[in-house]
Amino acid sequence: ADNIVTKSNLPSGGAYTAVGTYDHAEMVQLVTHLSEEIDTPINTLLLVYGEYFFSVLTDSYPAFIKGIPNAFTFLSSIENHIHVEVLKLYPEAELPRFDITQINENTLQMIYHSERKMAAFARGLLNSAVKHFGEEITIDSEDISGDGGIVKFTLVKV
């Protein structure tokens, strides 16, 4: 960890709190240097972090998941409920946007939009959400923009 922080030019000095808002460029530097240090692709690191971070969110904000019956209901609430509440807590947060369409009772389409291009992190969150609800759902993705800024996730109940 010290090597990674030392290699990075971090205005925060690498000191973070749960209530702070930090420049996205710091995370990019840290993940890039971690990738080099452990010889693991950046998207793999973001995917694994997204899978882990879902439990952080559900432990810290259990109301987001309480009483939700299934993964599709939960995922459909991201844009109009969860992100609204997150912005109340962290008004400076720059969240991705999801266009969500329920194609039929077994298929949900989520189109991820973000200038930060962290679709692998979003995929990790999706993986853990599906696992949390114990459902058999496949997740396919298509990079619409070609650079990770717009990615279509298609979730299908098996």
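Residues of region 74-96 that are open to solvent by 60 Å² or more (accessible area, probe 1.4 Å), out of contact with any Phe, Trp or Tyr (no Cβ under 8 Å at 6 or more places or on another chain) and more than 23 Å from residue 20 (Cβ to Cβ): 80 alone.
Restricting attention to region 69-90 and to residues that are part of a loop (DSSP other than H, G, I, E, B) and modelled with pLDDT under 95, the residue that is nearest to residue 145 (Cα to Cα) turns out to be 77. Quick check on residue 71: is it farther than 25 Å from residue 158 by Cα and either more than 14 Å from the chain's Cα centre (by Cα) or of a type in the set (Gly, Ala, Ser) (or both)? Spelling it out, it is not the case that residue 71 is farther than 25 Å from residue 158 by Cα and either more than 14 Å from the chain's Cα centre (by Cα) or of a type in the set (Gly, Ala, Ser) (or both). Pairs meeting the criteria (first residue in region 79-96 and of a type outside the set (Val, Ile, Thr), second residue outside any helix (DSSP H, G or I) and open to solvent by less than 60 Å² (accessible area, probe 1.4 Å), beta carbons under 7 Å, at least 6 apart or on different chains) are 79/98; 79/100; 87/93; 96/112; 96/113; 96/114. Take the conditions (1) of a type in the set (A, V, I, L, M, F, W, C); (2) at pLDDT below 95; (3) open to solvent by 50 Å² or more (accessible area, probe 1.4 Å); (4) closer than 25 Å to residue 45 by Cα; residue 150 misses just one of them, which is (2).
One residue stands out in region 122-138 among those that are crowded, with 21+ Cβ neighbours inside 10 Å and either acidic (Asp, Glu) or more than 10 Å from the chain's Cα centre (by Cα) (or both): the one that is farthest from residue 45 (Cα to Cα), namely 137.
Within region 1-18, being in contact with a helix residue (DSSP H, G or I) (Cβ under 7 Å, 6 or more places away or on another chain) and in a helix (DSSP H, G or I) holds for 3, 4, 7.
Does residue 21 satisfy the condition of being part of a loop (DSSP other than H, G, I, E, B) and touching a residue at least 60 places away in the same chain (Cβ under 8 Å)? Yes: the conditions hold for residue 21. Criterion first (modelled with pLDDT of 95 or more, farther than 22 Å from residue 27 by Cβ, in contact with a helix residue (DSSP H, G or I) (Cβ under 7 Å, 6 or more places away or on another chain) and of a type in the set (A, V, I, L, M)) does residue 65 satisfy it? No; evaluated as a whole, the condition is false for this residue. Within region 114-128, residues that are on the phi > 0 side of the Ramachandran plot sit with their Cβ atoms under 9 Å from residues that are at pLDDT 95 or above and open to solvent by 30 Å² or more (accessible area, probe 1.4 Å), at 6+ positions apart or across chains, in these pairs: 117/145.
The values are calculated or read from the model by the stated rules, or taken from the named source; none is laboratory data. Being a predicted model, the structure only gives us computed values, none of them experimental. With ideal geometry, Cβ positions are generated from the backbone for all residues, glycine too; neighbour counts draw on all protein chains shown. Surface areas here come from the heavy atoms of the whole protein model, side chains and all, with no ligands, DNA or RNA. Shrake-Rupley method; radii C 1.70, N 1.55, O 1.52, S 1.80 Å.
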